[in-house]
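Following: one structure in structure tokens, then a few remarks.
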Amino acid sequence: MILVTGATGKVGGQAVSQLLDAGAAVRALARDPASAALPEGAEVVRGDLADPATLDNALDGVEAVFLVWPTLSADHAAPATVKAIAGHARRIVYLSAQGVPDPAPGVPEPDPDSILGSHVLMERLIERSGLEWTFLRPGGFAANTLMWASQIRDTGTVRWIHGAASRALIHERDIAAAGVSVLTGTGTGTVTGHAGARYVLSGPEPLTQIEQVTAIGEAIGRPVRWEELSPEVARRGLLDQGWPPAVAEEMVDAYAQMVTSPEPVTSTVRELTGRPATPFRQWAADHADDFR
């Protein structure tokens with residue numbers, strides 16, 4: 001039995017479907033099972049990662065966990081939740097993030113109130129838990145461009161920062177496929193022996209944000225314009241939306257860095273699954289209706 005958390009989200013939902021396709025017994029954690037709308041064959045169990053006392057039923061009889069963590073919002077419960085998982089399961093695949101530093105003397109760690117800081121917390125807790133672990137560290141999710149969807153639908157223009165920032169965005173389907181390959185051994189890739197591995201995942205090619213917007217326009221059949229915002233305006237907008245200051249600053253700084261230092265491209269998706277990572281243009285075609 002494999003437990004998938006974040007099962008109603010994009011990566012978790014893909015993991016549930018692909019594990020079922022691989023013939024695995026799948027249990028999905030959901031705060032509201034009645035509205036989960038998951039594929040037939042998945043056992044849906046009520047529970048909340050932010051409340052470890054609710055996890056006993058979900059973890060009963062579980063051999064492995066595909067852990068998608070509610071970054072920052074549940075960090076207060078992280079030690080108890082990891083302890084609960086380790087009390088039942090043997091293996092864990094944790095969806096972390098590119099940029100998390102490996103533990104080493106003298107290496108500074110990110111602000112604990114940042115997104116990377118949250119992933120560092122989880123990785124260190126899992127490393128000390130006694131679980132057999134594998135970390136997936138993807139770069140930018142292609143699905144993050146859905147933050148532009150309302151602008152594109154309403155105005156045909158994306159207003160954002162650093163259009164020249166370059167990312168090798170990854171399809172959520174490929175992230176899930178990497179995790180499923182690790183958990184089930186069903187992939188046809190060349191990499192084996194996943195215990196203790198930290199896999200950096202990416203899409204197949206870097207595209208600037210302007211090129212991403214152009215690809216979305218091609219997918220929906222009408223041009224989409226880019227309008228450059230200043231970092232100050234973008235930062236203020238994030239804060240006005242309720243983003244924590246450390247996270248808003250982290251995001252603005254990250255896009256600035258990617259102008260001169262694009263996200264790296266890795267071949268890890270192919271090495272784990274046996275097939276190449278999906279191009280962003282295909283992701284945009286898959287999600288065209290979200291932008292129309």
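The values are calculated or read from the model by the stated rules, or taken from the named source; none is laboratory data. Keep in mind the model is a prediction, meaning the values are calculated, not measured. Here the Cβ positions follow ideal geometry from the backbone for every residue, glycine too, while neighbour counts run over all protein chains shown.
Listed values, structure above:
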item	result
Residue within region 277-287 that is more than 26 Å from Ser96 (Cα to Cα), in contact (Cβ under 8 Å) with a residue 60 or more places away in the chain and either in a helix (DSSP H, G or I) or in the same structural domain as Ser150 (by TED's automatic domain parsing) (or both) present	yes
Near pairs, Cβ below 7 angstrom, 6+ apart or cross-chain, from region 127-140 (aromatic (Phe, Trp, Tyr)) to any residue that is not in a strand (DSSP E or B)	Trp133/Ile126; Trp133/Glu127; Trp133/Gly196; Phe135/Ser96; Phe135/Glu123
Qualifying residue in region 212-233 (condition: of a type outside the set (D, E, K, R), over 22 Å from Ala149 (Cα atoms) and outside any helix (DSSP H, G or I))	no
Among the residues listed as Glu172, Glu132, the single one being surrounded by fewer than 22 Cβ atoms within 10 Å (Cβ to Cβ) and charged (D, E, K, R)	Glu132
